[in-house]
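All remarks here apply to the structure that follows.
Read the figures in this text as sums done on the coordinates, not as results from a lab. Model, not experiment: these values are computed from the prediction. Here the Cβ positions follow ideal geometry from the backbone for every residue, glycine too, while neighbour counts run over all protein chains shown.
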Amino acid sequence: MIVSILIIPYECFDFFILLCIFLGGVCLEKENTKLELGDLDFTEKSINRKREILTIASDFYFKYGYHGTTLEAIAAKLGITRAALYRYFTSKDDLFFQCHEAAYGQFLKELELLTQIRNPEIRLTKMLEGHILLLLRDFPTFGPILLSFRSLPDEYRKRVNSLRMKVERIYLEAIHEWRRVSPQSIKEMDDQFLLNVLLSSVNAVPRWGKREDYPGTIAKEVVSILIDGIKK
């Protein structure tokens with residue numbers, strides 16, 4: 001048995017190793033541990049690399065728009081080839097969608113944490129402040145949510161719109177509850193219209209505010225004006 005193993009053809013060596021492991025004929029515990037750690041390191045590097053690509057791509061999309069951004073430009077900025085991008089994304093549309101998905105995913109996490117606040121007026125206030133802080137502090141990661149996604153194919157457009165609606169629903173719940181518990185304190189107008197005004201206002205902040213300009217102060221002052229504006 002041992003002799004037959006030693007004289008197997010070189011091209012069958014990989015199969016031989018797998019067979020030995022399966023039969024318990026070779027102890028590769030240490031080597032296997034190293035391979036597993038290596039795989040984990042590679043996975044972590046891949047995740048970090050993908051995040052880096054999304055950040056750079058988000059910046060390009062925000063500055064130059066969907067049509068003005070090319071995969072070649074993104075790859076050049078990252079110091080890689082266009083072909084390397086296809087390890088992480090299937091197309092330019094897929095990359096644009098995943099920029100949206102990453103941004104909305106983080107937004108939803110932040111908003112869901114704030115749903116614990118029982119007072120709807122305070123909850124809405126904190127949500128809007130957090131919205132501005134995310135845009136300013138983590139820009140350009142959140143830049144894509146400020147862009148139109150109409151250029152995307154139907155499949156991606158529907159998925160982005162679904163993410164956007166999830167965010168809006170959390171805001172609308174706070175507005176509905178505020179109106180229900182204290183109808184005399186909030187102006188009588190359509191809640192969706194009111195939300196559109198609020199979100200349009202906070203989404204405009206990154207166009208004139210900067211992360212160096214005391215984002216916390218900017219967020220509080222802008223939201224204070226907005227909340228006062230919708231009160232009776």
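A few points about this structure:
- Label point distance in nm, Asp213-Thr81, each placed 7 Å from Cα along Cα→Cβ: 4.4 nm
- If you take the Cα centroid of segment 60-117 and the Cα centroid of segment 160-232, the two points sit 25 Å apart.
- Gyration tensor (alpha-carbon) shape descriptor, segment 111-232, a/c threshold 1.5: oblate
- Residues with amide H under 5 Å from that of Ile186, placed H, sequence gap 5 or more: Lys232
- Near Arg164, once Lys and Arg are set to +1 and Asp and Glu to -1 for all other residues with Cβ below 12 Å from its Cβ, the sum equals +3.
- Shown here: segment 29-230, whose C-alpha atoms stretch 68, 46, 37 Å along the first, second and third principal axes, sorted largest to smallest.
- Exceeding the 22 Å Cα-Cα cut-off - candidates Lys45/Lys210; Lys63/Lys210; Lys126/Lys232; Lys50/Lys210: Lys45/Lys210; Lys50/Lys210
- Most to least packed among 57-66, 217-226 [average Cβ atoms within 10 Å]: 57-66, 217-226
- Packing-based order for 95-104, 133-142, using average beta carbon neighbours within 10 Å, highest first: 95-104, 133-142
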